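The numbers here are math on the coordinates, done by the rules we state, and not lab data. This structure is a prediction, so every number in the text was calculated from the model and none was measured. Note that we place each Cβ from the backbone using ideal geometry, even for glycine, and neighbour counts take in every protein chain shown.
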Amino acid sequence: MTTTYVLVPGFWLGASVWRPVTDALRARGHAVHAVDLTGMGERAQLASPTTDLTTHVDDVVRLLEEHDLHDVVLVGHSYGALVVTGAADRVPERVARLVFIDSGPLPDGTAQADFEGPDARAANEQLVTAHGHGWQLPPPPWAALATDVPGVDEAAVTALVEGSQPQPWRTATQPVALTGAWEHLPRTGVLCTFSLEQLRQMAPHTPVFAHMVDGDWTYVELPTWHWPMVSRPAELAEVLDAVSR
């Protein structure tokens, strides 16, 4: 059975980070659209201080409408979870399933920048001011993040380094705006840096996980670091292939 996938990356990254997953899904006969959000990847030149979460939600909705896509498996990694949730909330009739990779949907009115708490937000705002011209968050030191992480090789780090751009900060500070229409869609959580048991323990205390224990959810554990599309791409492609059946 052929399935249409739309893959949305997280912070700093464009469509190229999905390439091994995209190739594997297409080899299975699926249709795949990996997204370069405004200001990211091959659309880096479009970044501006006004680029925000709504801009990125519009990108995905436009893709779905211009290609007249229906019954889509809409996949969001990390920050991409906010984007796919917003898009599904706008055009739920075009979406068959939402997949959240090592992430989850934030509650209405919550911003990505608030996820890790006020100290982390303040530290990022300092980076934006000092190294991002006041409106961009620079990419992290990928090699340092990968130190001593099992299964993460030099090729994986290179893919992240070469595929990353500064992230427009307003994408992190604009709160999500949802009507609840997305909540009627089936959802899959692909858990990489935390287990299902940890998810259930964190849900009562962590907003991003609160929506992940209610509603029509299934879960797959894929233990690795936060970027499985470069550390375990073949296995991630298998997971995505399976959720369409």
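Where does the charge balance sit around Val239 when Lys and Arg score +1, Asp and Glu -1, over other residues with C-beta under 10 Å from its C-beta?
Details: positive: Arg232; negative: Glu221, Glu235, Glu238, Asp241.
Local net charge: -3.
Relative contact order (percent) for segment 101-200, with alpha-carbon contacts under 8 angstrom and 6 or more residues of separation? Across segment 101-200, relative contact order equals 45 percent.
Listing Met1, Met202, Met229 from fewest to most neighbouring C-beta atoms within 10 Å gives Met1, Met202, Met229. Here the Karplus curve 6.51 cos²θ - 1.76 cosθ + 1.60, taken at θ = phi - 60°, turns the phi angles of segment 60-67 into couplings of 6, 4, 4, 4, 4, 6, 5, 8 Hz, with x standing for Gly and Pro.
Residues His56, His226 in ascending order of nearby Cβ atoms (within 10 Å, fewest first): His226, His56.
For segment 184-245, just say rounded, prolate or oblate: build the C-alpha gyration tensor, square-root its eigenvalues into a ≥ b ≥ c, call rounded for a/c under 1.5, and beyond that prolate if a/b exceeds b/c, oblate if not. Mind showing how you got there, number by number?
Working: a/c = 2.64, a/b = 1.34, b/c = 1.97.
In terms of gyration-tensor shape, oblate.
Please report, in debye to the nearest 20, how large the charge dipole of the chain is about its Cα centre when each Lys and Arg carries +1 at its beta carbon and each Asp and Glu carries -1 there. Please list the in-between numbers first.
Values: 14 positive and 30 negative charges, 33 e Å.
The dipole magnitude comes to about 160 debye.
Between the amide H of Val32 and those of Tyr5, distances stay under 5 Å, these residues lying 5 or more places away or on another chain, with hydrogens modeled in the peptide plane.
Listed from fewest to most Cβ neighbours within 10 Å, the set Arg94, Arg245, Arg28, Arg187 follows the order Arg245, Arg28, Arg94, Arg187. Val95 sits among other residues whose Cβ lies under 11 Å from its own Cβ, and their net charge, with Lys and Arg +1 and Asp and Glu -1, is +1. Quick check on segment 119-210: take the gyration tensor over C-alpha atoms, sort the square-rooted eigenvalues as a ≥ b ≥ c, and tell me if it's rounded (a/c under 1.5), prolate or oblate. Since a/c reaches 1.5 but b/c is at least a/b, the shape of segment 119-210 is classed as oblate. Sequence-ordered 3J(HN,Hα) estimates for segment 158-163 from the Karplus curve with 6.51, -1.76 and 1.60 and θ = phi - 60° stand at 4, 4, 6, 4, 6, x Hz, glycine and proline given as x.
For Tyr79, the residues whose modelled amide H falls within less than 5 Å of its own, excluding neighbours fewer than 5 places apart on the same chain, are Phe11.
Segment Thr50..Ala27, full-extension length gain: 4.5 nm, with 0.36 nm per residue of separation and the alpha-carbon distance subtracted.
Label segment 4-243 by shape, choosing from rounded, prolate and oblate, from the square roots a ≥ b ≥ c of the eigenvalues of the Cα gyration tensor; if a/c is under 1.5 it is rounded, and otherwise prolate applies when a/b is larger than b/c, oblate when it is not.
Numbers: a/c = 1.19, a/b = 1.12, b/c = 1.06.
The shape class here is rounded.
DSSP assigns beta bridges within the chain; of those with both partners inside it, close to 10 percent run antiparallel. Taking amide hydrogens as placed 1.01 Å from N in the peptide plane, the amide H of Thr188 sits under 5 Å from those of Leu98, Val99, Phe100, Thr218, each at least 5 positions away in sequence or on another chain.
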